[in-house]
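Each remark here refers to the structure printed beneath this line.
The values are calculated or read from the model by the stated rules, or taken from the named source; none is laboratory data. Quick caveat, the model's predicted, so the values are computed rather than measured. Cβ: placed from backbone, ideal geometry, glycine included. Neighbour counts: every protein chain shown. These area figures cover heavy atoms from the full protein model, side chains too; ligands, DNA and RNA do not enter into them. Shrake-Rupley method; radii C 1.70, N 1.55, O 1.52, S 1.80 Å.
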Amino acid sequence: RIGRILASRVEEHSGVKPTFSDAQGGCRVELALQAGIGAEGFRIEDAPGGVRVVGNDPRGLLYGVGKFLRSNTYHEGSLRLGDWRGTSVPETPFRGIYFATHFFNWYHEAPIPEVERYVEDIGLWGYNTVVVWYDMHHFKSIQDPEAQAMLQRMNGLLRVAKNVGLQTSIVLVVNEAYQDSPKEMRADWTAGHDGYTRQLAAHFQLELCPNKPGAMPLLLKWREEVFAAFKQVGLDYVGLWPYDSGGCTCSLCKPWGVNGYLKLAQPIAQMARRDFPGCKIILSTWYYDKFTSGEWDGLEQKFGEAKPAWIDYIMADDNGVKRYSVNPKHGVPGGFPLLSFPEISMWGATPWGGFGANPLPVHHQDLWNIGKNTLSGGYPY
C-alpha cells in the first residue's frame, strides 16, 4: 500500500513511472520496517544506488515516505533526491484531523476516490487519526434515509482512513437528539437562572435533559444505534462533547460541565469500550465556563478526588490549553493527557463557513508555544 502511494506521487510529479522489482535502475528506493526507532518514527538513510526509508511501524514508514517525497526536487521526466537524512519520531501520540461532514461541504459531497487521495496526503504529512461527527439533529431517526446515507458516507471516509493505515474516531454530543425528539424531555437552553449568564450557543432546542423521565434511556438507545452503525469499520477513539450543540441549563443539570454532562458521558463511554475493545475515550471541555461558572474548577476538584477509569484524554479549547499550560496551580483534571482543538474554520468569519478555513498561523504558533510541553496532540476544526 505504501509503495503504491510512493509510486503514484513520484509519477504524478515527474512523469517517471517507478517499477517494483529488485532490478537496478537509475535510482533505487528501499522501504523497510525495523522496530526500535520509536513509535510511528522513521529513518531515511543512504543505500546502494539510492536511499532507504525505514519505518518503526507501518505508519512510521508512511510518514518517512512523505518526508522523502517532500525532500526531492521534481522535473518533467526526472527527479533529484533530496539531501535530508536522519531520524524523526512524532512528539505527540494523537495527531488528528476533523472532517466536518455536514452542511454540504467538500467532506460531505466529494467523490470517495478524491477523499481517499486526500487521506493519503494527510497520512504522508504525519496525521494518524481521522475524526467525523454524526450530527443527529438533521434527521428524524437513524432509519431516516438521509441518516442512513450520512452514516454510509461516514463509514466510507473512515474505511478509507483504515485502508491508509490511520486510526478512526467519531465525536458525540452527549445529549443531542433527532428532529422529532419528545418535547416533554427536551433540555433547557435559556439563561438568567441557575447560574447561567448566557443562553447556550448553537443549541437546536431538540436536545434532551438526562434528568427528565425517560430521557436517559432514550439517549443511550440512540448512542447504541450509532455505535452499531460503525461496528464493521471499527473505532479507535470516541470523543464526548458538552456544548455547541448540547447542554442543559436546568437546576438538576447545573453546572452542565460537571453534572448533567458527566452523568451521560460515563455510560456512553462504557458502551463505546464494550462495542469497540481497546477504544479510547476523549472527554471534551469545549465552551466550559462560557455560559456559567464553576465548570473548570468543578472538574479539577471532582477528578482530583477520584480519577475516573472511563476516560483516556481530556480535550480543551484555547482557553483550557492556556489554563493548564501557563498556571502551575491548575493541573490537567485527573492528570489525564491533554489534547487541543484548534479552531480554524469559523474564527472571525460570518456567515459560518462562508470564507473557508482561517488557519491563523501566528495565533496557533503562539498557542503551541504555550502548550507544547503539556499537550499530547489534538485535531483542528
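If you rank His138, His330, His13 by how much accessible surface each has, with a 1.4 Å probe, what is the order from largest down?
On the way: His138 60, His330 25, His13 100 Å².
These residues rank, largest area first, as His13, His138, His330.
What is the gain in length, in nm to one decimal, between Arg159 and Lys329 on full extension, counting 0.36 nm per residue of separation less the C-alpha to C-alpha distance? Mind dumping the intermediate values first?
Values: separation 170, 0.36 × 170 = 61.20 nm, distance 4.25 nm.
Length gained, Arg159 through Lys329: 56.9 nm.
Per residue, how much accessible surface does segment 163-287 expose to a 1.4 Å probe? Answer in Å², no decimals.
Values: 4460 Å² over 125 residues.
Value for segment 163-287: 36 Å² per residue.
Suppose R0 equals 25 Å. What FRET efficiency, 1/(1 + (r/R0)^6) with r the Cβ-Cβ distance, do Met271 and Glu146 give to the nearest 0.05?
Details: r = 25 Å, r/R0 = 0.99.
Approximately 0.50, to the nearest 0.05.
In µm²/s, what is D for segment 218-362 at 37 °C and 0.692 mPa s, where D = kT/(6 pi eta Rh) by Stokes-Einstein and Rh is the Kirkwood radius from Cα pairs?
Details: Rh = 16.6 Å.
For the chosen part, D equals 198 µm²/s.
Could you tell me what percent of the accessible area of segment 143-255 is made up of carbon and sulfur, with a 1.4 Å probe and every protein chain present? Numbers along the way, then the final one.
Numbers: 2250 of 4400 Å².
C and S fraction of accessible area: 51 percent.
Taking all pairs of distinct Cα atoms, average 1/r, flip it, and tell me the Kirkwood hydrodynamic radius of segment 1-100 in Å to one decimal place. Mind dumping the intermediate values first?
Values: mean 1/r = 0.0704 Å⁻¹.
Computed over Cα pairs of segment 1-100, the Kirkwood hydrodynamic radius comes out at 14.2 Å.
Take every Cα-Cα distance within the chain, group them into 20 Å bins from 0 onward, and report for each bin the whole-number percent of pairs it holds.
26, 54, 19, 2
If you take the beta carbon distance between Phe20 and Ala110 as r and set R0 to 41 Å, what does 1/(1 + (r/R0)^6) give as a FRET efficiency, to the nearest 0.05?
Details: r = 30 Å, r/R0 = 0.72.
Computed FRET efficiency for Phe20 and Ala110 comes out at 0.90.
Suppose each label sits 7 Å from its Cα in the direction of the beta carbon; what would the Asn358-Thr87 distance come out to in nanometres?
The answer from the label model is 4.3 nm.
If segment 276-323 were replaced by its equivalent ellipsoid, with semi-axes equal to the square roots of 5 times the Cα gyration tensor eigenvalues, what would those be, largest first, whole Å?
Details: eigenvalues 90, 39, 15 Å².
Over the Cα atoms of segment 276-323, the ellipsoid semi-axes are 21, 14, 9 Å.
Relative to a virtual label point 7 Å from the Cα of Glu224 in the Cα→beta-carbon direction, which members of segment 130-146 show backbone nitrogen distances below 19 Å?
Backbone N within reach: 141-144.
For Gly257, what charge total do you get from the other residues with a beta carbon under 9 Å from its beta carbon, if Lys and Arg give +1 and Asp and Glu give -1?
Numbers: positive: none; negative: Asp289, Glu295.
Charge balance in the 9 Å sphere: -2.
For segment 121-217, compute Rh as the Kirkwood radius over C-alpha pairs and then the Stokes-Einstein diffusion coefficient at 37 °C and 0.692 mPa s; write the answer in µm²/s, rounded to an integer.
Numbers: Rh = 15.8 Å.
Once the numbers are plugged in, D ends up at 208 µm²/s.
I need the calculated FRET efficiency for the pair Ala202 and Arg4, taking r as the beta carbon distance and R₀ as 45 Å, to the nearest 0.05.
Numbers: r = 42 Å, r/R0 = 0.92.
Taking R0 as 45 Å, the efficiency between Ala202 and Arg4 is 0.60.
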